[in-house]
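Engineer: Okay, here's the structure, questions in a sec.
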Amino acid sequence: MTPETLAANAPAHPARRLSLAGREALTFYLCISPWLVGLLVFTLGPIAASFWYSLTRWDLLSAPQFIGLRNYTHMVDDRLFWQSLRVTLHYTLLYVPTELIGGLILALLMNQRGIRSMRVVRTIYYLPSVLSGVAFVVVWMWLFHPTAGLINGTLARVGIVGPRWLADPNTALYALWIMSLWGLGRTAVIFLAGLKQVPQPLYEAASMDGAGAWRSFWSVTLPLITPTIFFNLVLSIIATFQTFTSAFVATNGGPLDSTLFYVLYLYRQAFQYFAMGYAAALAWVLFVIILLLTLLILRSGTWWVFYDGEAAQ
Amino acid sequence: MIRAAFATGRLRRVLVTALLWGVALLFLVPMLWMLSSSLKPNYQIFETPPRWLPRPPRWENYREALTILPFARYFINTAVIALLMIVGHLLSCTLIAYAFARLRAPGREALFVVLLATLMLPYPVTMVPLYVLFNRLGWINTVLPLVAPAFFGAAFYIFLLRQFFRGIPADFEDAARIDGANLLQILWRIMLPLALPALATVAIFTFQYAWNDFLAPLIYLQRPELYTLTLGLQFFRTTYTTNWAYLMAASLVTVLPVIILFFFAQKAFVEGIAVGGVNK
């Protein structure tokens with residue numbers, strides 16, 4: 001119903017003909033209309049359009065040429081498609097667990113009571129995560145420099161010949177992994193907020209029952225922060241599947257495609273080779289992978305995520 | 001007995017503090033090394049073993065690095081984009097979030113679920129068709145592809161503001177409504193003043209996002225005079241690959257606004273991040 005049709009049905013006083021609830025609903029839809037338009041124009045429309053593009057061969061200059069599912073069947077034989085998928089999965093398996101465990105450990109450290117310098121320390125932990133972007137990567141490229149970098153320079157001092165990090169196909173992905181861990185503070189802050197929600201009496205009860213710090217961590221803290229772990233897990237996986245800037249700036253996918261992330265490959269197909277049809281197909285495959293992974297995790301959540309009756313207001 | 005407990009308590013505190021600072025040092029090293037390298041003359045930068053202090057610090061690095069390429073221009077370009085995005089998000093997200101928080105309408109909950117679902121939609125999925133759309137509109141090499149969508153709301157900020165609005169007691173609005181205030185008046189006079197901390201978080205996050213964003217500017221801004229700081233820095237890196245002192249100086253200046261903002265608004269940063277993780 002648009003305001004016009006409403007007005008047409010109401011001869012004298014259009015607003016008064018509507019019930020109070022009807023007016024409220026109308027206002028609601030008016031208020032959210034920018035979002036609805038944006039959803040159609042910038043999200044749903046493009047997703048639908050990209051499915052059509054994915055069935056075509058198209059360089060943006062000439063008219064798209066319908067080729068059916070050929071873009072999808074081409075992927076099966078595309079060595080670089082599989083390589084980019086492998087790199088992304090490898091990185092996800094490497095990064096996500098360390099991010100969750102490292103972030104939780106950092107949060108536990110940040111949650112210690114009675115430490116005077118805590119504010120400063122928290123700031124230091126969190127600061128690098130706001131710097132993401134090209135500068136963040138450039139700094140690490142310098143730290144990882146094979147001969148003059150701080151890391152290998154320091155290793156050389158104690159007589160160790162450091163790896164060539166970003167320049168070696170066997171270590172480049174691990175170097176990107178170490179680099180990303182510098183932004184761990186962000187995850188830690190989310191965990192810290194989760195830790196602060198654990199009701200204090202539970203710890204007191206546990207300690208009265210004779211539980212030590214270790215035992216109360218496993219029996220009280222961990223079950224109660226599973227919603228936060230869950231949230232971070234979903235966020236983290238979606239983020240690793242979108243890795244682009246670090247790979248583009250630090251290695252440009254190399255050496256020997258060892259850091260050819262999925263989105264980097266997608267970017268190349270779209271904006272360097274102008275294979276819009278193939279790029280759209282790659283985007284759809286990414287969409288389906290992320291959708292399935294998210295659903296899988298959401299499903300698994302019913303098994304291990306603990307929702308307190310009160311917390312789930 | 002009491003003394004022993006005190007002693008172990010103190011020992012524990014000392015150990016924890018040492019651990020905290022040990023880890024903090026690890027987080028600090030890259031930034032300190034960036035600062036140190038940015039002040040080194042070229043012949044000191046490749047010294048092995050690496051030394052921490054430039055002797056003497058060469059401040060000219062900054063002037064030279066920032067004038068080889070028009071970094072002032074990149075700075076202005078980035079600031080304009082960030083500012084427009086902030087205005088867009090504040091205008092659109094407040095209105096949308098208020099509606100989701102307070103106005104009852106059939107279909108509201110279902111639409112909110114759709115909103116949350118779009119939170120999980122990765123940008124690369126819509127990257128290609130959006131480029132096609134903006135290309136057709138003639139928006140390539142303008143800031144519009146980066147800025148215009150901000151005026152149509154952003155799921156995360158709508159979610160964040162909605163949570164905040166729901167926490168404000170309804171009594172204030174009821175009183176105002178009895179006095180005859182309309183929706184926009186209520187929003188402007190009552191909700192917004194109360195929601196200032198949340199609005200600050202939205203503004204700060206948007207600023208940080210716009211300042212650091214790389215992929216979207218890379219796709220849409222191809223002319224050098226339109227470059228943002230991240231594009232300029234990347235261009236600088238590919239052109240002066242071995243001049244690490246200049247690169248560090250340029251990098252440091254690039255991130256400085258975010259660092260300064262962070263020190264002034266740490267609370268807003270931290271609370272904004274925490275909202276997603278706990279309220280749900």
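Engineer: Taking Rh as the Kirkwood radius computed over C-alpha pairs, what is the Stokes-Einstein D of segment A:49-165 at 4 °C in a medium of viscosity 1.567 mPa s, expressed in µm² per second?
Structural biologist: 66
Engineer: Using the 10 angstrom Cβ neighbour count as an exposure proxy, how do A:TYR95, B:TYR98 rank, fewest first?
Structural biologist: Final ranking by Cβ density, sparse to dense: A:TYR95, B:TYR98.
Engineer: Now for a different question. Need one number: convex hull volume per residue for segment B:2-62, Cα atoms only, in Å³.
Structural biologist: 108
Engineer: Normalized C-alpha radius of gyration of the protein assembly as shown, against 2.2 N^0.38 Å? List each step's numbers first, then the result.
Structural biologist: Working: Rg = 26.2 Å, N = 593, 2.2 N^0.38 = 24.9 Å.
Normalised Cα radius of gyration, the protein assembly as shown: 1.05.
Engineer: Taking H placed 1.01 Å from N in the peptide plane, check which residues at least 5 places from A:ALA211 or on another chain put their amide H under 5 Å from its amide H.
Structural biologist: Hits under the 5 Å cutoff: none.
Engineer: Continuing with the same structure: Summarise the partner chain shielding of B:247-259 as one whole number: the mean count of Cβ atoms from other chains within 10 Å of each residue's Cβ. Don't jump to the answer; show the numbers that get you there.
Structural biologist: Details: counts 5, 4, 0, 3, 10, 2, 1, 6, 11, 1, 0, 6, 3.
Mean shielding count: 4.
Engineer: So, one more: Add +1 for every Lys or Arg and -1 for every Asp or Glu among the other residues with Cβ under 11 Å from the Cβ of B:PRO50, and state the total.
Structural biologist: Taking every other residue near B:PRO50 into account, the sum is +2.
Engineer: With the crude spin-label approximation of a point 7 Å out along Cα→Cβ, what separation in nm comes out for B:LEU35 versus A:GLN200?
Structural biologist: Using points 7 Å along Cα→Cβ, the separation is 3.7 nm.
Engineer: Also, I was wondering about something else. Report ³J(HN,Hα) in whole Hz for each residue of segment B:15-22, in order, from the Karplus equation J = 6.51 cos²θ - 1.76 cosθ + 1.60 where θ = phi - 60°; Gly and Pro get x.
Structural biologist: 4, 4, 4, 4, 4, 4, 6, x
Engineer: Can you tally the net charge around A:TYR126? Count Lys and Arg as +1, Asp and Glu as -1, for every other residue whose Cβ sits under 13 Å from the Cβ of A:TYR126. Could the numbers behind the result be given before it?
Structural biologist: Working: positive: A:ARG119, A:ARG122, A:ARG186, B:LYS267; negative: B:GLU271.
Net charge around A:TYR126: +3.
Engineer: Another question, then. Zone of B:ASN141 (label point 7 Å along Cα→Cβ, backbone N under 16 Å): which residues in segment B:221-259?
Structural biologist: Once the point is set 7 Å along Cα→Cβ of B:ASN141, B:221-228 turn out to lie under 16 Å by backbone N, inside segment B:221-259.
Engineer: Turning to a different aspect of this structure: Along Cα→Cβ, 7 Å out, is where each label goes; now give me the distance between the ones at A:TRP52 and B:ARG73 in nm to one decimal.
Structural biologist: 3.9
Engineer: Can I ask one more? Using Cα pairs closer than 8 Å and at least 6 residues apart in sequence, work out the relative contact order for chain A, in percent.
Structural biologist: On the way: 308 pairs, mean separation 79.8, N = 313.
The value is 26 percent.
Engineer: Give me the percent relative contact order of chain B, please, defined on Cα pairs under 8 angstrom at least 6 residues apart. Write down the numbers at each step before the final one.
Structural biologist: Details: 240 pairs, mean separation 85.9, N = 280.
With pairs under 8 Å counted, the relative contact order is 31 percent.
Engineer: Further question: What FRET efficiency comes out for the pair B:LEU28/A:LEU61, r = Cβ-Cβ distance, R0 = 51 Å, nearest 0.05? Present the calculation step by step, with values, prior to reporting the outcome.
Structural biologist: On the way: r = 51 Å, r/R0 = 0.99.
Calculated transfer efficiency: 0.50.
Engineer: Report the normalised scattering of segment A:173-305 as log10 I(q)/I(0) at q = 0.09, 0.12, 0.14 Å⁻¹, calculated by the Debye formula with identical scatterers on the alpha carbons.
Structural biologist: Relative scattering, expressed as log10 I(q)/I(0), comes to -0.43, -0.67, -0.81.
Engineer: What is the Cα radius of gyration of segment B:21-119 over 2.2 N^0.38 Å, N being its residue count?
Structural biologist: Against the compact-globule rule of thumb, the ratio is 1.93.
Engineer: May I pose another question? Taking just the alpha carbons, could you work out the radius of gyration and Dmax for chain A, both in angstroms?
Structural biologist: In Å, with Rg to one decimal and Dmax whole: 25.9, 91.
Engineer: How big is the shadow of the Cα convex hull of segment B:67-278, averaged over all directions, in nm²?
Structural biologist: 14.2
Engineer: If you don't mind, there's one more thing I want to ask. If each residue's Cβ is checked for other Cβ atoms within 10 Å, how do B:TYR227, A:TYR72 rank with the fewest at the top? Each step should come with its number before you reach the end.
Structural biologist: Details: B:TYR227 24, A:TYR72 15.
So the ranking, lowest neighbour count to highest, is A:TYR72, B:TYR227.
Every number in this text was worked out from the coordinates using simple rules, so none of it is lab data. Predicted model only: the values in this text are computed from it and were never measured. Every residue, glycine among them, receives a Cβ derived from its backbone with ideal geometry; neighbour counts consider all protein chains shown.
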